[in-house]
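The values are calculated or read from the model by the stated rules, or taken from the named source; none is laboratory data. Nothing here was measured: the structure is a model prediction, and the numbers come from that model. Methodologically, a virtual Cβ is constructed for each residue, glycine included, from the backbone with ideal geometry; neighbour enumeration extends over all protein chains shown.
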Amino acid sequence: MAAKFPALAVSRLEKGVCFGALALLVLIPFAELALRQFAIPIPHARGLIVHLFLVLVFFAAMLTSKSGGHIAIGVAQYIKNARARKILEIGGILLVVFLLTVLAWNTLPYIRYGLVGRSVGPVPVWAFALAMPLGYFVMALRFALRPKCWGQRAAALAAILAGTVAAVPAIAKLVWGVNPFDAPEALWPWMDFLYDAAAAMMLPAILLLALAALAGMPIFAAIGGIATVMLMAGGLEPEAFHIPVFDALTSPDLVAIPLFTLTGFFLSESKAGERLVRTFQVFFSWLPGGIVIVAVLISAFFSSFTGASGVTILALGGILYTIFRRNGYSERVTVGLLTAAGGTGVMFPPSLAIILVFSTSSMILHFMNVHTDYTIVHYFAGAVIPGLILVIAMVATGIVLSARSRLGAKAARWEDGGVETLDEGRAAPRSWHKRLWAQGLVHRESFASGDAANPLSLREWFLGAPLMVLLVAGVFRFWGATVAVVLVMATLIMADIVLASKAKVGRESGAGGKGFGAAQAFGSLRESFLEIMLPVVLVAGFFTGRLTLMEVSAVSVVYVVIVEVFIKRDIALRDIPKVFAKATPIVGGVLIILAMASGLSFAFVDSGVPERFSFWMQDTVHSRLVFLLLLNLALLLVGSVIDMFSAIMVLLPLVVPLGYVYGIDPLHLGIIFILNLEAGFLTPPVGINLFLASSRFEKPFMSICRYALPFFLVRLIVLVIVAYIPWFSTWLPGVLMRMGL
């Protein structure tokens, strides 16, 4: 027990710093927004927020390395020879340890000399920046201790020593000053050798790192290694790599990424999905193909917050599968649609993919000295019409396929006496509440057996209504809007009470039936109106300019915590750290790649690679249409083997200059990028969503591929339409720009 105490203390300290930084990123912008109503500023709030974000990224990366959750491609797992897989695994670990050690040492001179005199209030900036070398060193040590064999651990520790030797130029600057000639003359030949070796071996080193990334080495380490080699080969000092890394991780817009991710996990860990499904069922399932509409809309809602279609499949796949099957949809249509619809939300605010595309494109255009008037608002607006086209296409495909299967009419037969016979032979009364219980969608005790409104459910109206009023008043600071919300909420509550008290069990049509009743509509809204209003109010606040993106993300976390913890009580107060822990691997895994990719972008531009590549492409491919075709094919292939966030941050720095050369609008190019990568998740035979669906629905992988193929082909048609008709992406942003937004 005594031996475990230091490790336990370190683990708790690590989690405390990470979770504390994440909590402060929520609370400080929210407090700033609240105090703004009284014209009370928080001193140095913005500086504190962005530097806490830097700390969060590296501590989250440390925790992610502890759990082994860093994003990797892992092609080596398909190698059948166990010995070969083991050799690749150990080789990858040694290379990661070496690279992280080099990066750690290279960070220190930048902190010592590059951040001198900078502070956030009384706190010097270097105190926050020390999270960078600390994070690198801790991750290197954890990778070194991952092998179980002592011989392999000794080799990993030798890699730490080798990384220290390779970082001699940075260590010399740290010890003897900025001028390299102040270092002992005995070190000069070695430092010259390192720069000459980087120049001579740049291409082989990049190829080695790329192959190591394919074999399973974490992508962020490969990116950092490639950028460092390119900078040294160009004669720049290796610590220059950390200048764009630091700048990227102190950007206010990127703070929204972990906060929206946290919002998505609070929603997925609660029963919000079940409530939203029931509400969407009531409003849409009476329509032809209504269940398909429900599935696509609810998937879009969830993936817009989580930013990951895989999370949507895992969180909602079970309940939606049950609804589809009990409404008579074939397994082919059910599994195919749920696999394909999971990523539709990446085209709608507050999509993390759109935020990353905007930040990366803006950074590359800045490095290229190209001015653009586009803001994140324009990127969000530009994705709306393509997103709606994708949603309509998914719904239409699901309806057509389900009609062809001819099973929809056989699932349930309405018989005399108001009883519906389900496939399992279990009878369910036509009462909407009791039908949901009979279908296993809600717990029986959740609803009262009488006709009157359930007082426990009405409690949600009376707790939620003040929350909505306060939110609108705080966001819009306009009493007319606040009064309007008060009147609307009072009307909804009174209408719900009156309709619920008059409703008769025998006259209510079920949620999956052929009718639509006002009583069950208001009853379902009572359950889920708080979740439904979350994106409505936040998007309105953002597009009207009342809230910045960072404030929107902070308000979304506070709002969803109040709703799911204190009003709905789906998540216990003591379980909040567990939600933080589940969000940490996404935050650490994605944002550390973003940090490394910003350094790689700087190295690309400094070396002139995009410019030379653009000239070569112009000489080889003369048609813009042919270029778009080649780009789409390449991105589909990349999206099938690399996650969307990594692909955006690694490939977009190469693609943006190409788009500029061919005269493609950068916003339109970003929308094409997202559509391609999300479609790549469905590309047989290696699309990640296919594997997740196979696991979630417990179906053979090849069956999943067959089920998803029609939806994949429809996605390709949508992709071609959007790619070759820029109007769909640029019209709405143009309208906003003409309005001065």
Checking V714 against (1) under 23 Å from the mean Cα position of the chain (by Cα); (2) more than 30 Å from V609 (Cα to Cα), the condition it does not meet:
(1)
Looking at M533 and the list (1) assigned to a helix (DSSP H, G or I); (2) at pLDDT 80 or above, which single condition is not satisfied?
(2)
Would you say R546 is under 18 Å from V255 (Cα atoms) and basic (K, R)?
yes
Of the conditions (1) surrounded by fewer than 24 Cβ atoms within 10 Å (Cβ to Cβ); (2) part of a loop (DSSP other than H, G, I, E, B), Y329 satisfies every one except a single condition; which number is it?
(1)
Would the stretch 112-129 turn up any residue that is outside any helix (DSSP H, G or I), outside the structural domain of F241 (by TED's automatic domain parsing) and either more than 29 Å from the chain's Cα centre (by Cα) or at negative phi (or both)?
no
Top-ranked residue of the stretch 18-61 - restricted to ones that are buried (at least 17 other Cβ atoms within 10 Å of the Cβ) and in contact with an Asp or Glu (Cβ under 6 Å, 6 or more places away or on another chain), ranked as farthest from L141 (Cα to Cα):
L33
Keeping to the stretch 374-433, report how many residues are at pLDDT below 50 and either at negative phi or assigned by TED's automatic domain parsing to the domain that holds V333 (or both).
25
Checking R153 against (1) out of contact with any Pro (no Cβ under 6 Å at 6 or more places or on another chain); (2) among the charged types (D, E, K, R); (3) part of a helix (DSSP H, G or I), only one condition comes out false. Which one?
(1)
Residue that is surrounded by the most Cβ atoms within 10 Å (Cβ to Cβ) [pool: residues in the stretch 559-605 that are over 30 Å from T107 (Cα atoms) and within 21 Å of the chain's Cα centre (by Cα)]
V560
Go through (1) in contact with a Pro (Cβ under 9 Å, 6 or more places away or on another chain); (2) closer than 29 Å to V605 by Cα; (3) not aromatic (F, W, Y) one by one and return the number of the condition L690 breaks.
(2)
Can you confirm whether the stretch 724-738 contains a residue that is buried (at least 23 other Cβ atoms within 10 Å of the Cβ), in the same structural domain as G589 (by TED's automatic domain parsing) and under 16 Å from V346 (Cβ atoms)?
yes
Give S556, S528, S524, S501 a once-over and let me know the one that is surrounded by 20 or more Cβ atoms within 10 Å (Cβ to Cβ) and either out of contact with any helix residue (DSSP H, G or I) (no Cβ under 8 Å at 6 or more places or on another chain) or at pLDDT 85 or above (or both).
S556
Could you list, in sequence order, all residues of the stretch 713-737 that are in contact (Cβ under 8 Å) with a residue 60 or more places away in the chain and either in contact with a Gly (Cβ under 8 Å, 6 or more places away or on another chain) or not in a helix (DSSP H, G or I) (or both)?
P726, S729, T730, L732, P733
Please note which helices (runs of 4 or more DSSP H) are completely contained in the stretch 209-297 and include at least 2 residues that are in contact (Cβ under 8 Å) with a residue 40 or more places away in the chain and more than 24 Å from V590 (Cβ to Cβ).
272-284
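Step by step: first the residues of the stretch 224-280, then only those that are polar (S, T, N, Q) and under 28 Å from A166 (Cβ atoms), then the one that is farthest from the chain's Cα centre (by Cα). Which residue is that?
T228
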Residues of the stretch 607-618 classified as acidic (D, E) and modelled with pLDDT of 80 or more, total:
0
Number of positions in the stretch 363-378 that are among the hydroxyl-bearing types (S, T, Y) and under 16 Å from A647 (Cα atoms):
0
Filter the stretch 662-705 down to the residues that are part of a helix (DSSP H, G or I) and modelled with pLDDT of 85 or more and list them by number.
P666, L667, H668, L669, G670, I671, I672, F673, I674, L675, N676
Among the residues of the stretch 176-188, the number that are surrounded by fewer than 13 Cβ atoms within 10 Å (Cβ to Cβ) and either in contact (Cβ under 8 Å) with a residue 40 or more places away in the chain or not acidic (D, E) (or both) is 5
Residue count, the stretch 89-108, condition at pLDDT below 90 and surrounded by 21 or more Cβ atoms within 10 Å (Cβ to Cβ), comes to 2
F627 passes all but one of (1) surrounded by fewer than 23 Cβ atoms within 10 Å (Cβ to Cβ); (2) among the aromatic types (F, W, Y); (3) within 23 Å of the chain's Cα centre (by Cα); which number fails?
(3)
